[in-house]
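Worksheet: the structure to be examined is printed underneath.
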Amino acid sequence: MTTLAIREANLRQLKTGRDFGFAICIVIILTAFFLPIPSFLIDVGLAFSIALSVLILMVALWIAKPLDFSAFPTVLLLATLLRLALNVATTRLILSDGHEGYNAAGHVVGAFSRFVMSGDFVIGVIVFVILLTVNFLVITKGSTRIAEVGARFTLDAIPGKQMAIDADLSAGLIDESEARRRRLELEQESAFFGAMDGASKFVRGDAIAGLIITAVNVFGGIVIGVTRHGLTFSGAADVYTKLSIGDGLVSQIPALIVSLAAGLLVSKGGNKGSAQEAIVSQLGAYPRALVVAAALMGVMAIMPGLPFIPFACLSAAMALAAYTIPKKRNMDQQILDNEKREVEIRKQEEDRNSVKEILRTSEIELCLGKQLATTMLVAHGELAHRVSKMRRKFAQQYGFVVPEIQLSDDFTIPPKSYKIKIHGTAIASFELRIGEVMVIPGELGNPDLPFDEAREPAFGMDSVWVQEVFASELKRAGYSPIDGMSILLTHLSELIRNNLSHLLSYKDMRALMDRLEPEYKKLLDETCPSLISFSGFQAILKLLLAERVSIRNIHLILEAVAEIAPHARKPEAIVEHVRMRISQQICGDLSQDGNLKVIRLGSRWDLAFHQSLKRDNKGEIIEFDIDPRLIEQFAQDATKALKPHMDKDIRMALVTAPEARPYVRMIIDRLFPNLPVLSHIEIARGVQVDPLGVIS
């Protein structure tokens with residue numbers, strides 16, 4: 001046999017031996033009901049009963065939760081059975097040998113009859129009645145009620161807890177083994193509280209049985225002593241009453257201890273940890289209560305007629321506890337916070353050094369040079385507030401939340417420069433002048449102050465740098481000086497606006513879908529993915545955002561997609577239909593004071609673009625083929641017609657034929673990225689059109 005096999009065989013033999021020994025102990029307890037037991041064995045049994053009750057109480061005090069002592073109902077039954085068996089055995093000895101003296105039922109009963117009762121059976125009777133009353137009416141009755149309510153609530157909560165476990169398992173929050181462990185714990189909890197409801201009746205029945213046995217011993221002993229052994233009535237009453245009350249006290253003290261253990265166990269409830277931890281931590285959680293209690297004890301200490309030392313000691317102890325407990329709690333909390341901070345720092349360091357973190361790129365990142373980062377750090381709160389406000393504005397204007405903007409230091413770029421990255425790619429950079437402000441002269445011309453020429457980064461307009469000390473003079477002269485942070489945020493805002501289509505991720509699109517009302521979710525289920533895939537729907541939203549068309553009315557967009565999707569598959573064709581359906585929103589966003597300023601495409605260019613569209617046999621456009629020389633000439637004519645209005649910062653739109661609109665937009669986007677291009681059918685009803693000119 002191998003070593004493992006030998007070990008398993010030894011464990012089986014040991015387990016079998018324990019089971020056999022436990023069965024023998026139960027048989028011995030049962031025999032005590034029928035067979036006479038020597039007084040020596042009764043002393044051993046009574047001592048064991050007291051020790052067992054104390055052990056049960058200590059375990060009930062120190063367990064963390066009631067389920068950790070799930071064997072308590074069984075232990076309670078066995079302890080009650082042991083006490084009853086000893087009661088029967090001592091009753092037999094008291095009635096048969098009580099005339100021999102106070103040690104007739106053993107030295108333990110004799111000691112209780114002499115010392116606990118102080119030699120007077122009246123005192124013993126009073127003490128016995130008080131213990132019985134405390135056990136029966138106070139501890140046992142309260143424990144029984146708590147056990148009943150706990151069992152009822154536990155059994156009523158089982159279906160909900162079972163559903164919560166199944167929901168966590170379905171959601172992937174826990175695995176199968178954890179779910180199995182929780183179900184087993186739930187079964188044990190329901191079985192435990194159900195058993196405790198019945199076990200509490202053992203304690204109550206034990207108290208009643210103790211009272212009856214004591215009464216039988218007293219009256220039966222007096223009768224036997226007078227009639228059988230020739231004792232006087234007073235002598236028989238003295239001996240048998242003391243022995244009976246001593247026997248009752250020996251039984252009721254362990255019963256009282258076990259009742260207290262049962263009460264502690266069922267009253268623990270949802271408290272975690274030992275009873276000492278729960279009680280001391282919660283009683284000491286309110287230092288002000290300790291201060292009030294200490295003050296009251298101090299007042300009682302100086303009152304005439306009351307002893308000074310006990311109340312003064314209690315007052316000093318409570319005051320000391322009120323002073324030391326908050327300090328200790330603060331120290332423990334500080335240690336805990338430091339440990340948490342160290343764990344977080346260690347985790348961040350591990351994440352920073354991990355390969356996954358290296359591969360991850362921020363969607364929007366603002367990199368600051370060394371000197372610029374130091375300057376911005378002073379105004380970090382204002383910068384964070386304005387960035388948050390900018391993201392909120394984008395969400396209101398365009399219908400989705402742009403990603404978080406990560407601020408970082410980059411010592412590889414010039415100290416006064418910043419760099420803006422989208423998806424890890426640098427798309428723009430600019431160098432600010434610390435201590436200077438930027439001025440866009442416009443029609444006012446250059447200021448009559450020392451300046452350096454520059455170009456504004458967001459829109460590319462001509463501008464000048466002026467020392468910040470002249471800012472008040474510039475304002476008096478009618479200029480609007482721009483500080484470095486405003487330049488940076490304006491540049492960042494414009495770049496985000498130009499890259500909205502790149503920032504709308506699939507996750508953002510699904511989040512928009514999840515916020516739809518139930519009726520529109522049904523429409524979405526009918527449309528996606530049967531008519532168009534979710535990625536195709538995302539492509540439509542991206543095409544709209546690429547032209548700065550807001551997707552805040554996502555339900556209207558979904559309705560338009562559902563209308564055209566059965567008849568068109570290309571996202572570009574679907575987008576044109578969507579634009580027509582939300583034309584009221586598009587024109588409203590572009591209008592000023594109810595007027596939509598437009599520049600029309602001349603008839604010559606309308607014809608040129610129309611002839612460049614190549615169609616198939618079904619009449620659908622399959623290609624855009626235009627002479628490159630015409631593109632150059634169109635760019636010149638468009639610049640000539642649009643530039644004067646663009647310099648004046650007039651909000652306007654270019655209007656063209658519906659079929660040519662996407663291709664006109666493609667060319668105009670290279671010249672004027674911020675200029676919207678509309679088709680004639682996208683001008684909503686009721687919009688007042690204000691023509692500014694014609695590209696011809």
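For Gly588, only one of the following conditions fails: (1) over 23 Å from Leu545 (Cα atoms); (2) under 58 Å from the mean Cα position of the chain (by Cα). What is its number? For Gly588, the exception is condition (1).
The conditions of being assigned by TED's automatic domain parsing to the domain that holds Leu368, of a type outside the set (D, E, K, R) and loosely packed, with under 15 Cβ neighbours inside 10 Å are met by Thr425. Scanning the stretch 403-433 for residues that are touching an Asp or Glu at 6+ places or on another chain (Cβ under 6 Å), part of a strand (DSSP E or B) and under 18 Å from Ala454 (Cα atoms) yields one hit, Ser417. Being surrounded by fewer than 19 Cβ atoms within 10 Å (Cβ to Cβ) and free of Cβ contacts under 8 Å to residues at least 12 places away in the same chain holds for only one residue in Leu77, Leu67, Leu61, Leu55, and it is Leu55.
Among residues of the stretch 345-367 that are in a helix (DSSP H, G or I), those with a beta-carbon under 7 Å from a residue that is at pLDDT below 60 at least six positions away or on a different chain give the pairs Asp351/Glu357.
Can you pull out every residue in the stretch 474-508 that is farther than 30 Å from Ser429 by Cα and assigned to a loop (DSSP other than H, G, I, E, B)? Write out each step before concluding.
Looking only at the stretch 474-508, we keep the residues that are farther than 30 Å from Ser429 by Cα, and these are 476-477.
If the condition is that a residue be farther than 30 Å from Ser429 by Cα and assigned to a loop (DSSP other than H, G, I, E, B), then Ala477 is the only one that fits.
Which residue, of Pro414, Pro441, Pro447, is in contact (Cβ under 8 Å) with a residue 40 or more places away in the chain and either surrounded by fewer than 18 Cβ atoms within 10 Å (Cβ to Cβ) or more than 41 Å from the chain's Cα centre (by Cα) (or both)?
Answer to the selection: Pro414.
The set of residues in the stretch 509-519 being part of a helix (DSSP H, G or I) and either buried (at least 16 other Cβ atoms within 10 Å of the Cβ) or not acidic (Asp, Glu) (or both) consists of Met509, Arg510, Ala511, Leu512, Met513, Pro518. Applying the criterion of being in contact (Cβ under 8 Å) with a residue 40 or more places away in the chain, in a loop (DSSP other than H, G, I, E, B) and farther than 24 Å from Ile622 by Cβ to the residues of the stretch 641-673, the residue that is nearest to the chain's Cα centre (by Cα) is Pro673.
Of all residues being without any contact (Cβ under 8 Å) to a residue 12 or more places away in the chain and on the phi > 0 side of the Ramachandran plot in the stretch 592-620, which is farthest from the chain's Cα centre (by Cα)? Just the residue, please.
Just the residues of the stretch 592-620 that are without any contact (Cβ under 8 Å) to a residue 12 or more places away in the chain, to begin with: 593, 607, 611, 614-620.
Now narrow it down to the ones that are on the phi > 0 side of the Ramachandran plot: 593, 619.
Values: Asp593: 48, Gly619: 59 Å.
Here the answer is Gly619.
Inside the stretch 613-628, can you point out the residues that are outside any strand (DSSP E or B) and hydrophobic (A, V, I, L, M, F, W, C)? Correct list: Ile626 only.
Quick one: count up the residues across the stretch 483-500 that are surrounded by fewer than 16 Cβ atoms within 10 Å (Cβ to Cβ) and touching an Asp or Glu at 6+ places or on another chain (Cβ under 9 Å).
The total comes to 2.
Within the stretch 558-583, the set of residues being more than 21 Å from Met513 (Cβ to Cβ) and surrounded by fewer than 16 Cβ atoms within 10 Å (Cβ to Cβ) comprises His567, Lys570, Glu572, Ala573. The residue that is surrounded by the most Cβ atoms within 10 Å (Cβ to Cβ), among those in the stretch 520-540 that are without any contact (Cβ under 8 Å) to a residue 40 or more places away in the chain and of a type in the set (A, V, I, L, M), is Ile540. Among the residues of the stretch 569-586, those that are in contact with a Leu (Cβ under 8 Å, 6 or more places away or on another chain), assigned to a helix (DSSP H, G or I) and over 12 Å from Ser679 (Cβ atoms) comprise Pro571, Glu572, Val578, Arg581, Gln585. Only residues that are among the basic types (Lys, Arg) and over 43 Å from the mean Cα position of the chain (by Cα) were counted across the stretch 566-580, and they come to 2.
Let me confirm something: among Phe394, Phe400, Phe430, which residue is in contact with a Ser or Thr (Cβ under 7 Å, 6 or more places away or on another chain), modelled with pLDDT of 85 or more and surrounded by 12 or more Cβ atoms within 10 Å (Cβ to Cβ)? So that I can check it myself, show each step before the final result.
Working: Phe394 fails: in contact with a Ser or Thr (Cβ under 7 Å, 6 or more places away or on another chain); Phe400 fails: in contact with a Ser or Thr (Cβ under 7 Å, 6 or more places away or on another chain).
Testing whether each residue is in contact with a Ser or Thr (Cβ under 7 Å, 6 or more places away or on another chain), modelled with pLDDT of 85 or more and surrounded by 12 or more Cβ atoms within 10 Å (Cβ to Cβ) leaves just Phe430.
For the stretch 498-526, give me the residue count where each residue is basic (Lys, Arg) and within 26 Å of the chain's Cα centre (by Cα).
Narrowing the stretch 498-526 to residues basic (Lys, Arg): 507, 510, 515, 521-522.
Then keep just the ones that are within 26 Å of the chain's Cα centre (by Cα); that gives 507, 510, 515.
Counting residues in the stretch 498-526 that are basic (Lys, Arg) and within 26 Å of the chain's Cα centre (by Cα) gives 3.
The values are calculated or read from the model by the stated rules, or taken from the named source; none is laboratory data. All values reported here derive from a predicted model rather than from experimental measurement. For neighbour counting, all protein chains shown are included, and Cβ atoms are generated from backbone atoms with ideal geometry for every residue, glycine included.
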